[in-house]
Structure formats: structure tokens, C-alpha cells
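Input: a single structure, listed below in C-alpha cells.
Please treat every number below as a calculation from the coordinates, not as lab data. In this text the structure is predicted, and so the values were computed from the model without any measurement. With ideal geometry, Cβ positions are generated from the backbone for all residues, glycine too; neighbour counts draw on all protein chains shown.
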Amino acid sequence: MKKKWISAISGLAVGVLASAVFFGDFSPKQPTSTASAKTNAEKVYVPFGKKDEYYLFASGGHSGQLFVYGVPSLRRIRTVPVFSLDSATGYGWDEHSKKMLGGYTWGDLHHPAFSETNGEYDGKYLFATDVANSRAAVLDLKTFTVKDIISVPNTSGPHCAAFVTENTEYLFLPTRFAVPLGNKYESLDDYSTKYRGVMSAVTFDEKAQKLHIAYQVALPPWSYDLSDAGKKISKDWAVITTYNTEEATTNLEINASKEDRDFIVLFNWKELEKMVKEGKYDIVDGQKVIFPEKQKGGIYLVPVAKSPHGVDVTPDGKRFIASGKLAPLLTVFSFEKAFKAIENKDFAGERNGIPILKYESVVEREVNPENALGPLHTQFDDKGMAYTTMFISSEVVKWDPNTGEVLDRVPVQYSPGHSVAAEGDTVSPDGKYLVSLNKLAKDSYLSVGPSHPESMQLIDISGKMEVIQSAPVDPEPHYGQMIKADKIKTINVYPKDESNPDAVYNQKDARIVRKGNEVHVYGIAMRSKFIFDAKAKRPDVIEVNEGDKVFVHLTNIDRDEDITHGFAINRYNLNIEVQPGQTNTVEFVADKAGTYPIYCTNFCSALHQEMTGYLLVKPKQ
Ligand code: RUQ
Ligand code: CUA
């Protein structure tokens, strides 16, 4: 059996594969009869005023944002900025978001993950990571806004994240790029000894609304691609795929695919937690770092066909499934078998001080659906059936992890990366819907020039798989999560916070306070005016001296749902928003003397155009 996949892989020379990846022949569109188009339209039609059944949170990739859709309509409801500036919401200009972004202007948001309670999405928080600038973020789903962002030291590109454990004890952030610890300069000639692929275990303190790095693990200098946390019987465990275990330092396209196999890293986070408690770590760059070659136990390697992409744990927690990417193969592994192999020390040597479990001792079966190429990611339905996206053959294949039998397949347009099933990563997926996140739209929509949007396709998985809706999506969804809509409880208005020294709830309390060359404006935004200084002859004017540091603390005292105000200063390159009841601060240096209109950017009433004022900056001398 082992021979089989090895020959299957070598049969697909890397060059051929690479060209298939880029110039793949696209399968013809599904023929849709007028009759079935009509019933499909009924299935996805959500009449105005009615709400969708699910929220879909799709990663926005290198837009740095998160896209919120309704399912089944596939209507885009909201774009939530996370790692990139967004002038539509003032994100990155107000003090809170500016501080969180830490000077970065963009991010590459990959895999969103909901907080979980007992293995179910609890609808409270959403986590996401930034491959571009090595960060992790948490969003509060009461307001759909980011609460905290941390920068992850020792790590470059936490791609295979965020995957949370059953009770949100941790989110694990393994790295895509190996770098020397502390991102220090080291020659690439010393790659194998000086570089590391670091995995971070991050916790979320709900009370303080802060993310923290609990510890890190200095894994070998490989690339870590995707991961998944265990469930039920495997709840203390997590799995990570690797590639470039060849430790190539150049031309990875060829050099990182030389060997027939890479590994899945299998680790027990309870064991790692124990090591940390016992002080079995080194401090590097201020972090507690476990070195697996020194601290044995807790981390194992499982051989797998070369360069796997996704690894997904079945809802019952019994199996983990690796998607081949370069091998047209899905490998089903058994946690129970792995536990037994660990207990019996059934090892086939070590790599970098980490024991390798025997492939035969852990594998359950290899599944190779006929002509299906480029398996990337797997999701599950309510019956435990698996749905795998095939990037190269542009389809979704349904199969049974218990038997390996292929049950159904449906073409998608085109080249799916991830797919997302309703409540798909929980211990009890809903079935019903699967959304395929396709990398290419080609001829699917009205042309917008040489580059096209990506495409999402909704598949009805309640019977024979059928694509029932398609929608363009901006670059670039890598994974998403779909949650039952009634699990999310948003607020309509920010509650009053009398303890906030920057907030002003009474019109007559609006004031401007000068401290040396700092000017603090405690202002109000309401339909349809600004009040910066209630006692002034012109309450809607801010007058400062050139060079002053100006803080505008603005409270929106409108307490009606959806009445958001903006605050922009002409030619000063800034804009913030205040949502109903919210207080927000913007800080700037009045370094340009002159007269600058202030205006509200959110259309808030019939007198919105009148919601203006002036910033007067008196020149020096
Ligand atoms: S990875 S398909 Cu982040 Cu699969 Cu994108
Ligand atoms: Cu306030 Cu427009």
C-alpha cells in the first residue's frame, strides 16, 4: 500500500503538476435545466425583510479583512476590517484601532475560527491570523469589531491558524516560514541548525479582552501548513501538516518536493502545558519556548505523502485526514492507533529529536478518488461524511471516512481552495450547506478586466450535491466558518459608560481643554451637528495653534440603531466613525496652518450635509 502512493506521486512529476495548477483544464459547467434553476432559486431566495439562516465569515486574505455573508442568499452583509486600514469605518485612524494595528497598514487574513464551548461554536468571538505581519486578532461578535491584536514573536507567517481547542483553551499558531529565533540575521547556509518553525499557543482572557502567548514550541525548520485541534477522544491533541522537511532554502517549487513524504506533527497540548508548569522551557525573546529535542514527550511525527495541505479532524474526534495537494490522495489516520503506537513506543526512528510513529501503525486507509487531483481541504456533514475540495480537478468530492467509498462529486467554478460546511468544525456539523471557496471565477460573472474576483458557490448537500448559488467575492477567501445565525447576539447601541473620562453624554458638557500644547476636545456627535464646546460662540469649531497636538474624543449620543456618525477633517487625511452610543478618540498634530472644514462622513439624516464645522489652525508667530 505504501508503495502505491509513492509511485502515484512520482508519476506526477512536479513540473507537470505545477502547470496543471496554473493552466488546469477546467471542467465544464454543470448543466442546469430551467426547471432545476427555478427550484434552486427558491432554495436560496430570502425575501426582503427575512433573514438568512447562517452567517458565513469568510477570510479576506490579503485584503486583511473579513467578509460577512448570509447563507443561503450569499448576500454580503458586512466587511469587517481586521489587519488593514479601512476608511469606510475609520479603522486604523482612531486611537484604539491605530494602536492595535501597530503601524502596519495591511495584513493577509487566512483562517477565521469561532470560539468554542464543548466543541460547539458559541457565537461569542472570532479569531484570525495574519500571515503577512505575523499577528493574531480577536473579534467580539456583539459588535463585529476587533478587540485585540497581538504580534507573535519568533514566528513569520502563522499560516496554519487559528484553530481553537474544544473550550477555547488555546488557539495554536504554527508558522509557515522558518526563521532564526528572534528573527535575527543568520546565514541560510546554517538553515538546518539556526532556523526554526515556531508554533505558538495563544490564550484569550475574556475579562481583559486580551490575547496572550502562553508558550511556544521551537519545531524543526520546516514549513507548517494547516492544523486542526482534536475533538472528544482527541481533545487534548492537535495535528499540523508540514512541507519542506527537505529543509530547502531556495527554489522551493522543486526542492521542497524532492522527498516522497513529509510529516504530520501530532502533539498533546496538555503535556506541553505540564512542561511549562514544570519550568521545562527556555526564555527566548521574552517567550517561554519548549525545545522538543530537549523536552521529550508530547510531540510526535507521522509520515504522510509529500507536501500535504489541509489536515482535518473528523467530528467524532477519532480520525485526522490529510489532503495530498501534490499526491492525489487522502490519508485517513486513526487517533486511537496513534495513541497505541505512542504507548508501545512503536517508533521508526527520530527526526530532529522528535520520534516518528510508524506509518503502518497509524494509517487507517488511503483514499484516491478516480481522476480527482489536488485535494486541499476537508469538511464534514451531520452524518460524518467528508467533503474534499479538489483544486486541480475543480470539484468537491463527497466520501465516507469509515470506508473510503466515494459517494458523490460536483464540479465547481473553478479551483476551490477551502470549503466551509454549516457548523462544519464543530463536534456536530449541521449538514445542509457547504460553500466552496473558489480561487478562480474565469467567465462566471460580468467581466471586470484581466483579473477577476474569486467565487463562492453554495452547494446543497442534503441530497445529491448540487450547486445552488454563486457569488463573486473579493480576494481572497482562505477558509471561512459558518454559524447558525441565532447563536450570534449583537447589541444595537453601545451601553453608556459613565466611567470613561473621554465620554460626554450631555450636550452642555461638551468642552475643549488645553494643557500646554495639547488640546483635548470632549465633543458630541448627534443628528445633525457636532458640539465641541458647548459654551463657545460657535460650538462646532475647533481652534488650535499650529503645532498643537489635538485629541478629539467624540461620543455619538444618538441611541438609535444604525445612526452612525463620521468625523473627517478636510485635507488632514483622517476619518473616524462613532457608532450609536460609542465614544472614540482621534489624535493628530495640527501641523498645517489654515482653515479646514470638518464634516460627518456617514449619511445620518436629511440634514447630514449640514453636519459640519471648522478646524482653524492659527499660524505660528
Ligand atoms: S490555505 S486555500 Cu490559508 Cu488552504 Cu488558502
Ligand atoms: Cu452625522 Cu452625517
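Here the Karplus curve 6.51 cos²θ - 1.76 cosθ + 1.60, taken at θ = phi - 60°, turns the phi angles of the stretch 59-68 into couplings of 4, x, x, 6, 6, x, 10, 10, 9, 10 Hz, with x standing for Gly and Pro. Amide H to amide H distances under 5 Å link residue 479 with 418, where only residues 5 or more positions off or on other chains count and H is placed in the peptide plane. Note that the stretch 410-427 has calculated 3J(HN,Hα) couplings of 9, x, 10, 10, 9, 6, x, x, 8, 10, 9, 9, 4, 6, x, 9, 8, 6 Hz, one per residue in order, obtained from phi through the Karplus relation 6.51 cos²θ - 1.76 cosθ + 1.60 (θ = phi - 60°); glycine and proline are x. Dipole of the chain computed with +1 at Lys/Arg Cβ and -1 at Asp/Glu Cβ about the Cα centre; of 45, 458, 521, farthest Cα towards the positive end is 521.
Once the chain from residue 339 to residue 605 is taken as fully extended at 0.36 nm per residue, the excess over their C-alpha distance is 89.4 nm.
Selection among 597, 263, 445 by position relative to the dipole of the chain gives 597 as farthest towards the positive end (Cβ unit charges, Cα centre). Sparsely packed loop sites in the stretch 226-301 (the chymotrypsin sites (Phe, Trp or Tyr not before Pro) outside DSSP H, G, I, E and B with at most 13 other Cβ atoms within 10 Å) do not occur.
A Förster radius of 51 Å combined with the Cβ-Cβ distance from residue 190 to residue 491 puts the calculated FRET efficiency at roughly 0.45.
Among beta bridges identified by DSSP and lying wholly in the chain, the antiparallel ones come to about 90 percent. Applying the Karplus relation 6.51 cos²θ - 1.76 cosθ + 1.60 with θ = phi - 60° to the stretch 107-124 yields 3J(HN,Hα) values of x, 10, 7, 9, 10, x, 9, 6, 5, 10, 10, 6, x, 10, 4, 9, x, 8 Hz, where x marks Gly and Pro.
Taking the chain as the reference, fit the longest principal axis to its C-alpha atoms, fit the long axis of helix 2-11 to the helix C-alpha atoms, and give the angle between the two in degrees, 0 to 90, nearest 10. The angle comes out near 60 degrees. Extension gain for residue 347 to residue 445 (0.36 nm times residue separation, less C-alpha to C-alpha distance): 30.0 nm.
For the chain, the longest principal axis of the alpha carbon atoms and the long axis of helix 14-23 meet at an angle near 40°.
Axis of helix 34-44 versus longest Cα principal axis of the chain: the two differ by about 60°, to the nearest ten degrees.
Computed about the Cα centre, the dipole magnitude for the chain is approximately 600 debye when only Lys and Arg (+1) and Asp and Glu (-1) carry charge, each at its Cβ. For the stretch 185-239, trypsin sites (Lys or Arg not before Pro) are listed when DSSP marks them as loop and at most 14 other Cβ atoms sit within 10 Å of their Cβ; the list is 207.
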